[in-house]
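The values are calculated or read from the model by the stated rules, or taken from the named source; none is laboratory data. Keep in mind it's a predicted model, so treat the numbers as computed, not measured. We place every Cβ from the backbone using ideal geometry, glycine too, and count neighbours over all the protein chains shown. Each accessible area value is taken on the protein alone, full model and side chains, heavy atoms only, with ligands, DNA and RNA left out. Shrake-Rupley method; radii C 1.70, N 1.55, O 1.52, S 1.80 Å.
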Amino acid sequence: MTRPLSAFCRADYRALLEDLANRGYRCVDLEGLASGGRVVFCRHDVDLSLNHAAEMAELEHAMGVQATYYVLLSTDMYNLAQVENRNALRRMASLGHTVALHFDATKYAEDRGSLEQAAADECALLETISGSPVTSLSFHRPAAALLGLVGSFAGRAHTYEPRFFSRVAYVSDSNGGWHHGHPLDHVAVRAGEPIQLLTHPIWWMQDEATSAIAAIERFRHNRGEALQRDLARTVKQYGEWLSQIGVD
Ligand SMILES: [Zn+2]
């Protein structure tokens, strides 16, 4: 039996940021993690929903927090070339956040040269879409060989380099829970040392804490409705048929 998935809510995320600030933590970018002291690198891997990421970016901005959003290009979950999403990325950058690449290496051939070329190509595409330089990347569900990889990748820093990962505290909400303890209980936070804090927007941007399953089901339902609206706009007869059977 796998562990039940939990999720959080907006108020939980605000409280977490406030608690870190109250302990003297300030936000830095990825390179800033290596500077030592009470610094937090707020990293978000956008695996499922760009809308949730865009909302989180606004919440953070209102609290004076700067984060880095790692977005996927090779996904069916969202399309960054879509005008609304392109505008959302640019808005996030204009709020002071960093937009960077979440790279799914499993989509490409395994040899290092091909992988780095694919990552460089995706970075170039993302730079065109976001209108800002892409200076770092994070791996999506990384294979063991990519975890702790020393040095840059595709000419960029990456979040699993030992200087950002194994040599500093790393806390993640993967699968909707703090499976390695709450960040504020972490020995590094108690000692006022740097922390890389990875959170996934979809687990947090909800009114009330619920299960992660419920968050995913809501996302799937909304995606289904959006697809139906798109289909009705694209194929007139389908829209008419929906009206006939009483679907708005
Ligand atoms: Zn991921």
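Only the Cβ atoms of Lys and Arg (+1) and of Asp and Glu (-1) were treated as charged; on that basis the dipole of the chain about its Cα centre amounts to roughly 260 debye. Around the amide H of S136, modelled in the peptide plane, lie the amide H atoms of L101, all under 5 Å away and 5 or more residues distant in sequence or on another chain. 3J(HN,Hα) along the range 105-119: 5, 5, 7, 10, 4, 7, 5, 4, x, 5, 4, 5, 5, 5, 5 Hz, from the Karplus curve 6.51 cos²θ - 1.76 cosθ + 1.60 with θ = phi - 60°, whole Hz, x for Gly and Pro. Each semi-axis of the equivalent ellipsoid for the range 1-95 is √(5λ) with λ an eigenvalue of the Cα gyration tensor; in descending order they amount to 24, 18, 14 Å.
Between the C-alpha center of the range 5-76 and that of the range 226-248 there is a gap of 38 Å.
Over all directions, the projected convex hull of the C-alpha atoms in the range 53-152 averages 6.7 nm² in area. Of the listed residues R190, R218, the order by accessible area with a 1.4 Å probe, largest first, is R190, R218. Projecting the Cα atoms of S174, Y78, V247 onto the charge dipole of the chain (Cβ charges, centred on the Cα centre) puts S174 farthest toward the positive pole.
Between R220 and V247, the FRET efficiency from the beta-carbon distance, with R0 = 22 Å, is close to 0.80. Per-residue extension of 0.36 nm, minus the Cα-Cα distance of A62 and R86, leaves a gain of 6.5 nm for this segment. The fraction of accessible area contributed by carbon and sulfur in the chain is 51 percent, rounded to a whole number (1.4 Å probe; ligands and nucleic acids excluded).
Beta-bridge orientation, the chain: approximately 5 percent antiparallel, per DSSP, counting only bridges with both partners inside.
The largest-to-smallest principal axis extents of the Cα set in the chain are 64, 44, 43 Å.
Backbone phi angles across the range 150-155, fed through the Karplus curve with coefficients 6.51, -1.76 and 1.60 (θ = phi - 60°), yield HN-Hα couplings of 7, x, 6, 9, 6, x Hz in residue order; Gly and Pro are listed as x. Note that the range 230-246 has calculated 3J(HN,Hα) couplings of 4, 5, 5, 6, 7, 10, 4, 4, 5, x, 5, 5, 4, 4, 4, 8, x Hz, one per residue in order, obtained from phi through the Karplus relation 6.51 cos²θ - 1.76 cosθ + 1.60 (θ = phi - 60°); glycine and proline are x.
Summarise the long-distance tail of P(r) for the range 155-248 by giving the % of C-alpha pairs beyond 18 Å. The proportion of pairs with Cα distances above 18 Å equals 65 percent. Annotation: amide H of L72 within the under-5 Å range of V46, H102, sequence separation 5 or more or interchain, hydrogens built in the peptide plane.
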